[in-house]
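Okay, so here's the structure we're looking at.
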Amino acid sequence: MLFIGERINGGFKDIQQAIKEKDKSIIQQWAKMQVEAGADYIDVNMGAASNKLDDFIWMLETVQETVNTPLSIDSNKPAFLEKLVKTCKHPPIINSTTADQEKLDQILPLAVEYNTSIIGLCMDKKGAPQDVATRIELGAQIFSAAIESGISEDRIFLDPVTMPLRYLQEQVKNQIEAIKQFTVLSSPPPHIIVGLSNIASKSKQVHLINKVFLVMCIEAGLDAAICDVTDEELVDSAITAEVILNKHIYSDSYLKAYRDSKKK
Amino acid sequence: MDIPDVKKTWRNPINEVTIGATKEDGGTRSHSITIGGSTALPFLYSEGKYPHPAVIAMEIWDIAPTDWSEELGQYFSDVWDSPGKWAKKCVEEYNADLICLRLQGTDPDGANKSGDEAAKAVKEVLDTVSVPLIIWGSGNNDKDNEVFPACSEAAAGERCLLGTITEGNYKTLIALCKADKHKLIAESPVDINIAKQVNILAIDIGLAPEDIVIYPSTGALGYGLEYVYSIMERGRIAGLNGDEMWAMPLLADIGKEVWKVKEAVAPEDQVPGWGVHVERGHMWETITGLTYLQSGTDLFIMRHPKAVNELKKYIKSMMVE
């Protein structure tokens, strides 16, 4: 399982304030906490806190001053991407492209040139799909465009778009079905990822819903998540799900073994 | 039609473990031996490296055995009253890569020798031969913990391989290993999960992964070989796929297992039709070894000189990239 830490996001009040006041300490504290909790990548998202390229670069540099973990660049401004990617010490994940041709034309060449991974969000200009078939169609479009550009399967993350359980219950089931179908898209398959926290948006049982949904997605074939990696129960549930699916050898200390293996 | 490429790529190499310390390393061995280091399953050179050929330790005891078959006695009864002479014969006449000194004499249900007596045997072997040494206790936890401090100290700095630690008994040997710079055998009862657990526990109290050789128990041909094989193979595949707690070299204790099964020792007058029994024993040991070799075994402990010779020849024949 690849864990991408979601917490450095301008949508959170403390991060928003840190960006405004150029306070490195809060951002660096979250970077360290997420790495210690086992994050494989740190997602960096400016959100609505700023729209300046320099602020985004400052965020990336701030994180990289304190941890050596690769980054996921979460930006909806394609014009910023090349400079942001160049700021990264390790090849990042570009988060994200949609299935729209002009978006793919902007992002795929960058991914090829800088050896990055990409997250392909299974949506297009028309919005998020309301059924399984459209998710698969859009996912397959992104996948084949990426493969044709020369990006290998292990650098492609397909995201079948998580919608809030509270508002769009039917779509959650469709998403899980789409995950199952993505696993047979190719051999080896691409990574399959979700932005987990959307699922429990505005609900009363955030932790429980996050946990159960993540486990169900893993059973369907998910192997990556952008989530709160500092939620210990959530990460333990994911590791346990993978052990139950025989992806790791059980031992009485399997949680410790898994966590220790991520620390290196 | 294109033939699909079924080559696998593996993520993680198996650890290298070096046994035996030369003068430069603070010991007195003429050379050291490195095992492990594979980056694919054995001999699949198109998928990865198999840098160190599997090696064979010949087993000797600190007392003269009373239950070894006559067939083995023909080779060793002239020397088995002395661990030094016994070791020398194994190295000089039968080309043992290492010596495995089993401290059978310390068994409290047997001769119940003391730690000092065991250490004397260790010293004698170290003084007589220059190959790296494995020191294996009687298997009685309390007695092993009592005997090993003296043995470890007698061999301090020689980078011996000591055995064994288990899920329930590992602290004493790990402390000795760290103090006297030895390596350890981690034993589990034919259980892939416990094998992993022992390593987690050992590493948690400060043992380096590069100091561990996995001994998942051994079954002779006809006595659980397939089951043990499947565990070793599955564990090795997990190790190559990134499970660091299974990325250790593997040990198979062949001689001890083979030379207690009836197929290896029963004389032909008792089991007509089984063939000449003096040929049966070493063949049983050879076939058991050959099979474990394919599962990824890096270190064998064996008894019969003919079986040692056959397995060595086979390993050599496979070391052609």
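The values are calculated or read from the model by the stated rules, or taken from the named source; none is laboratory data. These numbers were taken from a predicted model, which means no experiment stands behind them. Cβ sites come from the backbone with ideal geometry, for glycine too, and all protein chains shown count toward neighbours. Quick note on the areas: whole protein, heavy atoms, side chains included, nothing else; ligands and nucleic acids left out. Shrake-Rupley method; radii C 1.70, N 1.55, O 1.52, S 1.80 Å.
Of note:
- Heavy-atom surface of segment B:157-262, accessible at 1.4 Å and reported per residue (Å²): 31 Å²
- Cβ-derived FRET efficiency at R0 30 Å, B:Lys178 paired with B:Asp109, nearest 0.05: 0.50
- D (Stokes-Einstein, µm²/s), Kirkwood Cα radius, segment A:1-67, 1.306 mPa s at 10 °C: 136 µm²/s
- D_trans [Stokes-Einstein, Kirkwood Rh over alpha-carbon pairs] for chain A, 25 °C, 0.890 mPa s, µm² s⁻¹: 131 µm²/s
- Extension gain from B:Asp2 to B:His31, taking 0.36 nm per residue of separation minus the Cα-Cα distance: 5.5 nm
- Choice from A:Leu84, A:Leu234, A:Leu185 showing the highest fluctuation, given a GNM over chain A with Cα pairs closer than 10 Å: A:Leu185
- Highest-MSF residue in chain B out of B:Met302, B:Met232, B:Met245 [GNM, Cα springs under 10 Å]: B:Met245
- Gyration tensor (alpha-carbon) shape descriptor, chain B, a/c threshold 1.5: oblate
- Rounded to 5, percent antiparallel among DSSP beta bridges of the protein assembly as shown: 10 percent
- Under the shape rule built on the C-alpha gyration tensor, where the axes satisfy a ≥ b ≥ c, segment A:19-100 is oblate, since a/c reaches at least 1.5 while a/b does not exceed b/c.
- For segment B:231-321, the Kirkwood estimate of hydrodynamic radius, built from reciprocal distances between every pair of different alpha carbons, is 14.5 Å.
- A Gaussian network model of chain B, with springs between Cα atoms under 10 Å, assigns the largest mean-square fluctuation among B:Lys88, B:Lys306, B:Lys23 to B:Lys23.
- Panel note: contact residues of segment B:177-214 (accessible area lowered by at least 20 Å² against the chain on its own; 1.4 Å probe) correspond to B:Asn193, B:Lys196, B:Gln197, B:Ile200, B:Asp204.
- Taking the Cα centre of segment B:1-132 as reference, the dipole from Cβ charges on Lys and Arg (+1) and Asp and Glu (-1) amounts to some 560 debye.
- Taking every DSSP beta bridge that has both ends in segment A:105-264, the antiparallel portion is near 10%.
- Once the C-beta distance of B:Val320 and A:Val184 is scaled by a Förster radius of 41 Å, the resulting FRET efficiency is 0.55 to the nearest 0.05.
- 5 angstrom amide H check on B:Asn112, placed H, neighbours 5+ away: B:Asp107
- A simple rule links phi to the HN-Hα coupling: the Karplus curve 6.51 cos²θ - 1.76 cosθ + 1.60 with θ = phi - 60°, which for segment B:121-129 gives 4, 4, 4, 4, 5, 4, 6, 8, 10 Hz, with x for Gly and Pro.
- Inter-label distance, A:Asp100 to A:Lys52: 2.7 nm, where each label sits 7 Å from its Cα along the C-beta direction.
- DSSP beta bridge pairing in segment A:84-199, given as percent antiparallel to the nearest 5: 10 percent
- Charge dipole (debye, nearest 20) of segment B:67-139; +1 at Cβ of Lys and Arg, -1 at Cβ of Asp and Glu: 280 debye
- Of all accessible heavy-atom area on segment A:110-166, the percent that carbon and sulfur account for (1.4 Å): 52 percent
- Ordering A:Tyr167, A:Ser261, A:Ile244 by Cα displacement along the dipole of segment A:138-264 toward the positive end leaves A:Tyr167 in first place; charges were set at the Cβ atoms of Lys, Arg (+1) and Asp, Glu (-1).
- Heavy-atom surface of segment B:1-101, accessible at 1.4 Å and reported per residue (Å²): 50 Å²
- Inter-chain shielding of B:234-244 (mean C-beta neighbours from other protein chains, 10 Å cut-off): 2
- A Cβ-based charge dipole, computed about the Cα centre of segment B:199-245 with Lys and Arg at +1 and Asp and Glu at -1, lands at about 180 debye.
- Residues whose amide H falls under 5 Å from that of B:Ala57, counting only those 5 or more places apart or on a different chain, are B:Leu98, B:Phe300, B:Ile301, B:Met302, with hydrogens built in the peptide plane.
- Around A:Asn9: net Lys/Arg minus Asp/Glu count, Cβ-Cβ under 9 Å: -2
- Sequence-distant lysines (8 or more away, or on other chains) whose Cα lies within less than 20 Å of B:Lys260: B:Lys306
- Taking all C-alpha pairs of segment A:137-264, those more than 21 Å from each other amount to 44 percent.
- For segment B:49-185, the square roots a ≥ b ≥ c of the C-alpha gyration tensor eigenvalues yield an a/c of 1.5 or more together with a/b not exceeding b/c, which makes the shape oblate.
- Percent carbon-and-sulfur accessible area, chain B, ignoring ligands, DNA and RNA, probe 1.4 Å: 50 percent
- For GluC sites (Glu not before Pro), the sites in segment B:81-117 that DSSP calls loop and that have at most 15 other Cβ atoms within 10 Å are B:Glu93.
- With the cut-off at under 14 Å, measuring from each backbone N in segment B:155-178 to a point 7 Å along the Cα-to-Cβ line of B:Lys123 picks out B:155-156.
- The B-A contact accounts for approximately 1000 Å² of buried accessible area, totalled over both chains at a 1.4 Å probe radius.
- The ellipsoid that matches the Cα gyration tensor of segment A:131-178 has semi-axes, each √(5λ) in whole angstrom, of 25, 10, 7, with the longest given first.
- Per residue, in Å², the accessible surface of chain A once ligands and nucleic acids are set aside, probe 1.4 Å: 45 Å²
- Going from the isolated chain to the complete set of protein chains, segment A:233-264 loses at least 20 Å² of heavy-atom accessible area (1.4 Å probe) at A:Asn246, A:Ile249, A:Tyr250, A:Ser251, A:Asp252, A:Ser253, A:Lys256, A:Ala257, A:Ser261, A:Lys264.
- The protein assembly as shown - Debye-derived log10 I(q)/I(0), Cα point model, q = 0.09, 0.11 Å⁻¹: -0.79, -0.99
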